[in-house]
Amino acid sequence: MDKQKFLDILKSRVLIMDGATGTELQRKNYLEGVSIPEEINIKFPERIADIYSSYINAGSDVVLANTFGANPIRLAKHNLLPQAEEIIKQGISLIRSSAGGKDIIAAGDISSLGEYMNPLGKYSFDEVYEAFAFQASLISKHGADIIVIETMTEIKEFKAAILASKENFSGPVVAQMTFSQDGTTVTGTDLLSFIAMAESLGVDALGLNCSIGSKDLAVLARFICKNTNLPVSFKPNAGVPVLINGETVFPETKEEFISSSLEAFSYGVNMLGGCCGTNSEFIKALCSQIKDAPPVKRSAGKKFFLSTRTKGIDVNELQKPVIIGERINPTGKKKFQEELSRGNLACVKDEARAQIENKAVILDVNMGVPQADEVFLLTSALNQIQEIVSAPLCIDSSNPAALAQAVKNCAGVPIINSVNAEQEKLASIMPIAKRYGAALIALTSDDAGIPKTARERLAIAEKILKAADDYGVKRENIIFDYLTLALSSSPEQTAETLTAIKKSKELWPQCKTVLGVSNISFGLPARQKINSTFLKMACRAGLDFAIVNPAEDWSVFDAFAENLLNNNDKGAIKYMQAYGSYKKPELKAETETLTKTQLLYNAVLYGNKEPVSDLVNKIISSDPDAFKTVGGAVLSALNLVGDKFEKKEYFLPQIIMSAEAAQAAFALIKKNISQKNGAAGGKPVKVIMATVKGDMHDIGKNIVCAVLESYGFEVIDMGVNASSEDILKKAKEENATAVGLSALMTTTMPEMEKCVKLRNTLNLAVKIMVGGAAVTKKYAQEIGADAYGKDAMETAKYLKRITTSS
């Protein structure tokens, strides 16, 4: 389908999407005889055709093909990869044959791979991209009208899916994510981060599906509609499932679903349907209310989004200047360079946190260490930083290969620092900004160097804008740097820089401006008085961003500095008379005031694995009760990590990083004790994890697996649709300490009780933990399970407790 045609339809009328596929397949027992739902397309095509027909007859304009998990990673797990093309072909063609001549929009459906990307999981960005590209290319080949990406919870996977879809499919792409009631995903992504990523990558529509009921999702839809001008889709569940008399019940009635859908429609939603627990009756009722209705008009105004995994910001809403912290830069810092050359990124993470504490809004990241692998260093630093702080990143490099790799792995919308008007630079960096929708700092210099006048710098800016047009980079993504020259050597240049900023805002108001401020005072005393005064003058001229050290005092406006900056008569003489003997007081480093135990506590709390070995070894060498000291520090830190997780201050990435740091500390102290006692180190505790028979959902289970592995448990993942017999057989073979059972659907929860009873019959000494969206503590107790895993952290705490007490 032509993109413009699709958008024209959405401007004229709302589109009704279909309802649930998975829960309908389960309700009708259509999953019997297949390993995963997508296999139905080739094994029992009449079953999926029945689902399609029910929604078409109910009035759906858009029907999603049964290709949700038809990616090579999922298919290979079930030995179905050779049938991938036939599965996707049939999934789409059966919509056509079920349409009965109606003009139905057939949507290729793409969802999560069921595996996390690094650093949360084992797959690289490129591997995930290729998996989605494989799926999208087959969807394209077999004639889908649009692609709908849905039920995504991890922002980097979402990014890879959008890129793969857009680059392997020429039609419209609709991108949806799944959120909890508070508007965050399990990995911490908020609604603005989601909007920022989707818009920057050029999707045609964005929206929400699954996870929560229609009433709660309508609240999130309102926020989405207020913050994007793109069409918005809305596919809620019929509530969160509960088990009543042994049967699954989605508690929302049709009337409640319709009421919330009409509320979402009133906010300006353009595409409406249903997810888990809905069926053709829900869709028929929805059609009776708003089929072919014109959408409610809305305007979100002009936005300038930047984001990271857990936070999106609209720069247009922020007070100027927006502070970009400059401290993550090894230039002129010998110790910093030495640490980076050894691959130690602890200093990078410490600096990132310190700058955020000092109110930096964005962090500049530069890894330009001589003779080092900048591609590896920059990507590694970025991956670490974006998991511990919530500030968007400004990726700083003159190496196009390093920029491309870093921007690709960014879990948000970054700024690229930088390009200039040199033809080679434009040709290598503009395509990176275009592909990823990144903002781009443009230095107003060219092959001839830095021009002396504002007029010449503005001419270069115009040349860069024309190049942006040619490469398809939006003009509003360009941030001009009119360059700060040292006042001591070029006093006349300060006025030229300020004039260029002011004139630029008049010529191209859609473009932002930035300066690296501190170079202005190079070679002069009392530098911060000059820096701060200059920044205030630049802000009056229209500066938007300032690259500075946020720990400095930026409230200063000094009259002597102002005269010097304005190049007034005798300004330099008066400044030197006032500050010629000025000496900046030295600050004592934090590491000089904290004990080794406190530093270890901080390392675990902040997920800083690198210094753990050195700190633990120092404690061992100086503390006769090292095990108690290390254990106390680590456990105290982990308790606070757990509290932060409960308060939604920490999310899955931070939990894993802290757990890995803790595990490193425990491993060292246990090794030391073993050596002293002449005993071998203990074997890792084995845990079997599985989604129970009949249930194909594994997102929650995979999260628990990732956290347990980071805590040092040996996890044996049996995947989805695992029978009680197979689970307990594996537990016996592996001599596992515990079994973790997951179920999303209440229809599959009885399998948990079966597993507990079978464990008792077989008299196996293995603990059974249960968890999942519909599972409750009460249910766990009723079936005789040993523990209820409310979330990944609670599961880890339980296992730690039973393994340390035994």
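The values are calculated or read from the model by the stated rules, or taken from the named source; none is laboratory data. For clarity, every value in this text was computed on a predicted model and none was experimentally measured. Here Cβ is always computed from backbone atoms with ideal geometry, including for glycine, and neighbour counts include all displayed protein chains. Heads up: the accessible areas ignore ligands, DNA and RNA and are worked out on the full protein's heavy atoms, side chains in. Shrake-Rupley method; radii C 1.70, N 1.55, O 1.52, S 1.80 Å.
For the chain, what's the relative contact order in percent, using C-alpha pairs closer than 8 Å and at least 6 residues apart? Present the calculation step by step, with values, prior to reporting the outcome.
Numbers: 1615 pairs, mean separation 68.6, N = 806.
It comes to 9 percent, rounded to a whole number.
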* **For the chain, accessible area per residue (1.4 Å probe, heavy atoms of protein chains only), Å²** => 40 Å²
* To do: On the protein heavy atoms, probe 1.4 angstrom, tell me the percent of accessible surface of the range 266-397 carried by carbon and sulfur.
  => 47 percent
* Structure fact -> For the table 166/303; 28/648; 757/797, the rows whose alpha-carbon distance is greater than 31 Å are 28/648
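When the gyration tensor of the range 296-411 is built from Cα positions, what are the square roots of 5 times its three eigenvalues, in whole Å, from largest to smallest?
Over the Cα atoms of the range 296-411, the semi-axes work out to 28, 16, 12 Å.
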* Taking every eigenvalue of the Cα gyration tensor of the range 400-461, multiplying by 5 and rooting it, what semi-axes result, largest first, whole Å? -> 25, 11, 8
* Efficiency by 1/(1 + (r/R0)^6): what FRET value for residue 667 and residue 781, r their Cβ-Cβ distance, R0 = 45 Å, to the nearest 0.05? -> 0.80
* So which lysines pass the test for residue 291, namely a Cα distance under 26 Å, with those fewer than 8 places away in the same chain ruled out? -> 3, 5, 11, 102, 215, 226, 235, 254
* To do: Report the label-to-label distance for residue 141 and residue 223 in nanometres (one decimal), using points 7 Å from each Cα along the Cα→Cβ vector.
  => 4.1 nm
* When ranked by the protection proxy of mean other Cβ atoms within 10 Å per residue, highest first, what sequence do the peptides 637-650, 315-328 form? -> 315-328, 637-650
* Asked: Under the definition of Cα pairs under 8 Å and six or more residues apart, what whole-number percent is the relative contact order of the range 81-187?
  -> 27 percent
* To do: With a ≥ b ≥ c taken as the square roots of the eigenvalues of the C-alpha gyration tensor of the range 238-347, please select rounded if a/c is under 1.5 and otherwise prolate if a/b is larger than b/c or oblate if it is not?
  => oblate
* To do: Note down the nm distance, to one decimal, between modelled labels 7 Å out along Cα→Cβ at residue 399 and at residue 506.
  => 4.3 nm
* Determine the relative contact order of the range 700-806: mean sequence separation of Cα pairs under 8 Å and six or more apart, normalised by residue count, in whole percent. => 27 percent
* Just tell me which aspartates and glutamates come within less than 18 Å, Cα to Cα, of residue 754; anything on the same chain fewer than 8 places away is out. => 247, 695, 725, 726, 782, 786
* Structure fact -> Taking a ≥ b ≥ c as the square roots of the Cα gyration tensor eigenvalues, with a/c under 1.5 meaning rounded and otherwise prolate when a/b beats b/c or oblate if not, the range 238-286 comes out prolate
* Asked: Fully extended, how many nm does the chain gain between residue 12 and residue 539 (0.36 nm per residue separation, minus their Cα-Cα distance)?
  -> 185.4 nm
* Starting with the highest mean, order 749-760, 56-67 by the number of other Cβ atoms within 10 Å, averaged over the residues of each peptide. => 56-67, 749-760
* For every other residue with a beta carbon closer than 9 angstrom to the beta carbon of residue 772, add +1 if it is Lys or Arg and -1 if Asp or Glu, then tell me the sum. => 0
* Report the net charge of residues surrounding residue 563, where surrounding means a beta-carbon distance below 10 angstrom and charges are Lys +1, Arg +1, Asp -1, Glu -1. => -1
* Which of the residue pairs 320/609; 159/693; 452/505; 408/800; 156/434; 466/529 have a Cα-Cα distance greater than 29 Å in the structure shown? -> 320/609; 159/693; 408/800; 466/529
* Rounded if a/c is under 1.5, else prolate if a/b beats b/c, else oblate: with a ≥ b ≥ c from the C-alpha gyration tensor eigenvalues square-rooted, which is the chain? -> oblate
* To do: Would you mind putting 104-111, 549-556, 629-636 in packing order, based on average other-beta-carbon counts within 10 Å, highest first?
  => 104-111, 629-636, 549-556
* Spin-label point model (7 Å from Cα, Cβ direction): what's the residue 486 to residue 763 distance in nm? -> 8.5 nm
